[in-house]
Amino acid sequence: MYPYQYDPRFQNLFPPGGGQGFPSFPPGGGQGFPPPPPGGGGQGFPPQGGAQPPSSPPPAFTPTPKLGSGGPSLYAVDPGAISGCLYRYTYIWPRNGRPYWFYPTFVGRRSVAGYRWTGSFWVYAGVDVNQIREFQCV
């Protein structure tokens, strides 16, 4: 009739009569949520590395792309090349979409993470290096 088997280990997850709804996590304390990670800010950002966004907006100028034609590139961006832009204002021209200012704080094998300028403030973001047509750090 019911596709799942009854498991007595979970019988006390929800107290009879409604209680407060959900059990606390970790069991026995807190307000239902684990504490934030060390050095992490209330929402887990930035990651445990502790890198903070820049304290000022990006430069007021817009760099010009070096490819010249503005057309798509056939090659992917090398993570080793963009690692030279760590903790520097970097202008990114994506394969699709509008270019933007970025402040990289982490470079992985296939992705770059850091802070993207929205026009008003920095937000934590990540991008796949294959989605970057060109970049220039200042």
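Some points to look at:
- Amide H contacts for Phe106 (H built 1.01 Å from N in the peptide plane; partners 5 or more residues away or on another chain; cut-off under 5 Å): Ala113.
- For the pair Lys66 and Thr118, a Förster radius of 41 Å applied to the C-beta separation gives a FRET efficiency near 0.95, rounded to the nearest 0.05.
- Placing pseudo-labels 7 Å out from each Cα toward the beta carbon at Gln131 and Ser55 gives an inter-label distance of 3.1 nm.
- Each residue of the stretch 52-60 is assigned a 3J(HN,Hα), and the resulting list reads 9, x, x, 8, 9, x, x, x, 6 Hz, derived from the Karplus form 6.51 cos²θ - 1.76 cosθ + 1.60 (θ = phi - 60°), x at Gly and Pro.
- Per residue solvent-accessible surface (Å²) - the stretch 71-138, probe of 1.4 Å: 55
- Close amide-amide hydrogen proximity is noted between Val77 and Ile132, each under 5 Å apart and 5 or more residues distant or on a separate chain (H modeled in the peptide plane; Pro and chain starts excluded).
The values are calculated or read from the model by the stated rules, or taken from the named source; none is laboratory data. Since the model is a prediction, treat every value here as computed from it, not as a measurement. No Cβ is skipped: glycine too gets one built from the backbone with ideal geometry, and neighbour counts run over all protein chains shown. The area values use the complete protein model at the heavy-atom level, side chains included, leaving out ligands, DNA and RNA. Shrake-Rupley method; radii C 1.70, N 1.55, O 1.52, S 1.80 Å.
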